[in-house]
Structure formats: structure tokens, C-alpha cells
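These notes concern the structure reproduced below.
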Amino acid sequence: MVGEESGHVPAREALLDAAMGPGRTKKSSEQIRAGRLPANGLAFSAVRPDGSLVGTVRLWNVTAGTKDGANVPALLLGPLAVSPESQGTGLGGLIMRHAIAEAARLGHAAILLVGDPEYYGRFGFSAAKTGSLSMPGPFEPRRLLALELVEAALDGADGIIAPTGRFVLEAASAMAIAA
């Protein structure tokens, strides 16, 4: 597992298109990610020894609604994708465990995602803390899942999940200023 590099972007986009289908950019979670950068240190690529991409996952800074009048910081995981020839090998699980461990190591309190409870439940994700949360568009409530990395991080969280991470343009401006 390596941190995502700019050279992985075209292969990542092709992998996501193949795995998620042509409608992937219309999903509610994509609305949250649009125009944003992944959370610092939380974009990962699984690569073969020859450098070709076989898996990807990214986590994004969001607020999980509010609690006691304050925003509840969290991460939104996704999308997770593994190349067709690597599916069923355990690579997806390895990527997930790595992403969760890194998020915890970096001090994040909770991770949200939209996905199949049957798959993500084995990593500790459930809908137990997401009943008062919603997405900025259509979503299936049973598929809105959370994992608390800090106990009770999502207790009392209520409202719409919204992006808080840096905009892509902010990063481009910062690089231009540094050059």
C-alpha cells in the first residue's frame, strides 16, 4: 500500500469507472467529494511491483451534522475499488484495514461511508449511529454506515453530512505561489 501519487490518477479514474459504472459521479457521496481534495495523508493506492494500480481508496474531511450546536468532524470513506483480476484475493480488506488504521493514527474520531452493510460490517461499520444523519441527495439509509475511532464521537450527531476539506483550487493556488 502506498500513498496516492499524481501518476495514479488516470488509472484510478479508469478503475473507478469500471467498478462503479457510468453513474458514479451522480451519487450523493460524489457531491460531497466534488472539487475537494482527500484528507491529508488519507489517499491510498495498491500497486503491483511494476507500479500498475490494482486498488484505491480515499477519505475526505466532512462534518457529520452537528451536536450541541457544533459541527461534528468526521471522514467520508470512498470509493473503494479493486481491479477485477484482484477481486476475491483479500486486497479490498487489506486496503480498508490500512485506511482505518491510518485515520486512527492521524487522530480522526469517526469514519462514514455509503456501502453494503454486509461487506463493511466486518470492519466495524454499522448504521447504529447514522439514523439522524443524511446525505445531500438521495441515499439508502441502511447503507449510510459509520465507524467510531473514538468512543461516542457520533453520539447526538444530527443533520446533513457536508464537506469541509480543501478545495482543489486552493491546492493549485498554493503550489503556484510556492513555485
Hey, could you check the range 1-39 for residues that are of a type in the set (Asp, Glu) and assigned to a helix (DSSP H, G or I) and say which is nearest to Leu59 (Cα to Cα)? Glu30
Could you check the range 31-46 and list, in sequence order, the residues that are surrounded by fewer than 19 Cβ atoms within 10 Å (Cβ to Cβ) and of a type in the set (Gly, Ala, Ser)? Ala34, Gly35, Gly41
Restricting attention to the range 1-20, report how many residues are under 11 Å from Pro79 (Cβ atoms), charged (D, E, K, R) and either touching a residue at least 24 places away in the same chain (Cβ under 8 Å) or in contact with a helix residue (DSSP H, G or I) (Cβ under 6 Å, 6 or more places away or on another chain) (or both). 1
Matching residues in the range 123-152 (in contact with a helix residue (DSSP H, G or I) (Cβ under 8 Å, 6 or more places away or on another chain), part of a loop (DSSP other than H, G, I, E, B) and either aliphatic (A, V, I, L, M) or farther than 16 Å from Ala103 by Cα (or both)) number 9
For Gly90, work out the one condition from (1) touching a residue at least 12 places away in the same chain (Cβ under 8 Å); (2) at positive phi it doesn't fulfil. (1)
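Based on this model, can you work out whether Ala34 counts as at pLDDT 95 or above, closer than 28 Å to Gly107 by Cα and either touching a Cys at 6+ places or on another chain (Cβ under 9 Å) or of a type in the set (A, V, I, L, M) (or both)?
Details: at pLDDT 95 or above: no; closer than 28 Å to Gly107 by Cα: yes; either touching a Cys at 6+ places or on another chain (Cβ under 9 Å) or of a type in the set (A, V, I, L, M) (or both): yes.
The answer is no for Ala34.
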When the range 121-159 is checked residue by residue, the ones that are among the hydrophobic types (A, V, I, L, M, F, W, C), more than 17 Å from the chain's Cα centre (by Cα) and over 17 Å from Ala104 (Cα atoms) are Ala128, Ala157
Gly51, sole failed condition from (1) farther than 28 Å from Leu149 by Cα; (2) in a helix (DSSP H, G or I): (2)
Residue list for the range 77-100, filter: modelled with pLDDT of 95 or more and among the charged types (D, E, K, R): Arg97
Could you list all residues from the range 41-58 that are on the phi < 0 side of the Ramachandran plot and either over 22 Å from the mean Cα position of the chain (by Cα) or free of Cβ contacts under 8 Å to residues at least 40 places away in the same chain (or both)? Arg48, Pro49, Asp50, Val54
Unmet criterion (only one of (1) more than 18 Å from Ala14 (Cα to Cα); (2) surrounded by 22 or more Cβ atoms within 10 Å (Cβ to Cβ); (3) not acidic (Asp, Glu)) for Thr56: (1)
Residue list for the range 2-31, restricted to those being modelled with pLDDT of 80 or more and hydrophobic (A, V, I, L, M, F, W, C): Val2, Val9, Ala11, Ala14, Leu15, Leu16, Ala18, Ala19
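Considering Val72, Val2, which residue is more than 23 Å from Met135 (Cα to Cα) and β-branched (Val, Ile, Thr)?
Numbers: Val72 fails: more than 23 Å from Met135 (Cα to Cα).
The match here is Val2.
Would you mind stating whether Leu80 is without any contact (Cβ under 8 Å) to a residue 60 or more places away in the chain and under 27 Å from Val168 (Cα atoms)?
yes
The values are calculated or read from the model by the stated rules, or taken from the named source; none is laboratory data. All figures in this text were calculated on a predicted structure; none of them were measured in a lab. Cβ atoms come from the backbone with ideal geometry, glycine included; neighbour counts cover every protein chain shown.
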